[in-house]
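To keep things clear, I will list the structure first and then write my remarks on it.
Since every read-out is calculated from the coordinates, none of them should be taken as a lab result. Just so it is clear, the structure is predicted and the values come from calculations on it, not from any experiment. Virtual Cβ from ideal backbone geometry, glycine too; neighbours counted across all protein chains shown.
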Amino acid sequence: MKEAQILKSYEVARERYAELGVDTDKAVEILEATPISLHCWQTDDVMGFESDAGLSGGIQTTGNYPGRARNIDEVRKDVLFAKSLIAGSHRLNLHEIYGDFQGKFVDRDEVEVKHFESWIQWAKENGFKLDFNSTSFGHPKSGNLSLSNPDPAIREFWIEHTKRCRRIADAMGKAQGDPCIMNIWVHDGSKDLIVDRHLYRRIFAESLDEILEEELPDMKTCLEAKLFGIGLESYTVGSHDFVGGYCATRNLIYTLDTGHYEMTENVSDMVASLLLFVPELMLHVSRPIRWDSDHVTIMNDQTLDLFKEIVRADALSRSHIGLDYFDAAINRIGAYVIGTRATQKCLLSALLEPLAKLREYEKADKGFQRLALMEEAKTLPFGAVFDYFNLKNEVPVGEAFIPEIEKYEQEVTSKR
Ligand code: RNT
Ligand code: ZN
């Protein structure tokens, strides 16, 4: 597509949206300023650099497309390449197992800020802010229960790990002059029916209370809810009710992963309720297919609705947008870029909704008019605005990123 053509289309789109009271320049500005936290684990199928232990904890990557990043340099290289194809501001979401361990085995209860110093430096040099995650899976002590384990030795181990992770996140936040968002997700659950459902949740709450005791001004903690894990189908300690209740009573950020609900559940509708009771939301934008399969995020109704609800609730400033999927069946960087651009498309689409007019209709109880405008809004020239956003930010417009990824595959990832 030629630049002049993109600009011309944008002008037409701007006028059309203006007729409905929508300022496209402002929408583009907001989109540019809204960071997307790239999940480092898309580059290497959630392997990390701690050991060769496979993935556990009820999550699974499927596919064996060649070119997986195998070490810290390859992860960094791939992330930077992905970033070059994505407009706007970026954060990078690290897991504890991605520390710069220099080939030494550093156990989870020994991890320190020094293992992330090179990341902090790298992030600064490359225009990223960092987010962080403690890691409960893929370790000999993971088992089925970590922070909710009745065995004090195992439980203490994971408490120590999570406390250390919060300190690391705080150091990241301090260095970048912006709070680091640290997610706690533990896989704890049971494959089969259990009797002491209440007990494990009580232990989990006690562990979290202990972990959160330390005041750390440069980080924010969030807790992720889940429906079930693979091999842990009958019971999840950190269920929605647990996490909702815990976050509401402890003023903690709720992590909403769009893959973690019943398939027929309307996840976007949770936004407007949760925001009344928790201070902020952390989003893990994903795409479940039949189960929490972590397929690449696309611009589908679920994701569009999710961002609409956030914008309608005027809650963009209370939302942290991260991605969470791991697809090893197709080119991994391609998956990265598709999902991130799709997330931006959905946010842009929400920002371009003729909300003032729709609200006016709703207030006046004009049901037909509201539905009609919602329908017509679907075919407004949204694509022209998205193309302009990419052009303005000097990243490939439209499908132009496909050959770029093919080239990178040829020159870099296929040689791994
Ligand atoms: C698992 C959770 C969690 C992980 C990452 C790797 O179901 O979604 O967020 O995917 O921490
Ligand atoms: Zn998640």
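Descriptive notes on the structure:
- Restricted to the stretch 172-217, and to residues there that are under 21 Å from the mean Cα position of the chain (by Cα) and not in a loop (DSSP other than H, G, I, E, B), the residue that is farthest from Asp241 (Cα to Cα) is Gln176.
- Residue-level check: of (1) part of a strand (DSSP E or B); (2) of a type in the set (Val, Ile, Thr); (3) away from ligand 1 (no atom under 16 Å from the Cβ), Thr221 misses just (3).
- The set of residues from the stretch 118-144 being buried (at least 23 other Cβ atoms within 10 Å of the Cβ) and within 16 Å of ligand 1 (Cβ to nearest atom) comprises Leu130, Asp131, Phe132, Asn133, Ser134, Thr135, Ser136.
- Qualifying residue in the stretch 74-81 (condition: part of a strand (DSSP E or B) and more than 12 Å from ligand 1 (Cβ to nearest atom)): no
- Matching option when the condition is buried (at least 18 other Cβ atoms within 10 Å of the Cβ) and either under 18 Å from Val311 (Cα atoms) or of a type outside the set (Lys, Arg) (or both), among Val385, Val412: Val385
- Among the residues making up the stretch 142-185, those that are free of Cβ contacts under 8 Å to residues at least 24 places away in the same chain and either in contact with a strand residue (DSSP E or B) (Cβ under 8 Å, 6 or more places away or on another chain) or not small (Gly, Ala, Ser) (or both) are Asp151, Pro152, Ile154, Glu156.
- Unique match (being under 30 Å from Phe81 (Cβ atoms) and of a type outside the set (Phe, Trp, Tyr)) among Glu156, Glu125: Glu125
- Screening Arg68 with (1) in contact with a Phe, Trp or Tyr (Cβ under 6 Å, 6 or more places away or on another chain); (2) of a type outside the set (Phe, Trp, Tyr); (3) in a loop (DSSP other than H, G, I, E, B) gives one miss only, at (1).
- Of the strands (runs of 3 or more DSSP E) entirely within the stretch 284-346, those holding at least 1 residues that are within 14 Å of ligand 2 (Cβ to nearest atom), touching a helix residue (DSSP H, G or I) at 6+ places or on another chain (Cβ under 7 Å) and in contact (Cβ under 8 Å) with a residue 24 or more places away in the chain occupy 319-323.
- Count of the stretch 19-65 residues which are assigned to a loop (DSSP other than H, G, I, E, B) and within 16 Å of ligand 2 (Cβ to nearest atom): 10
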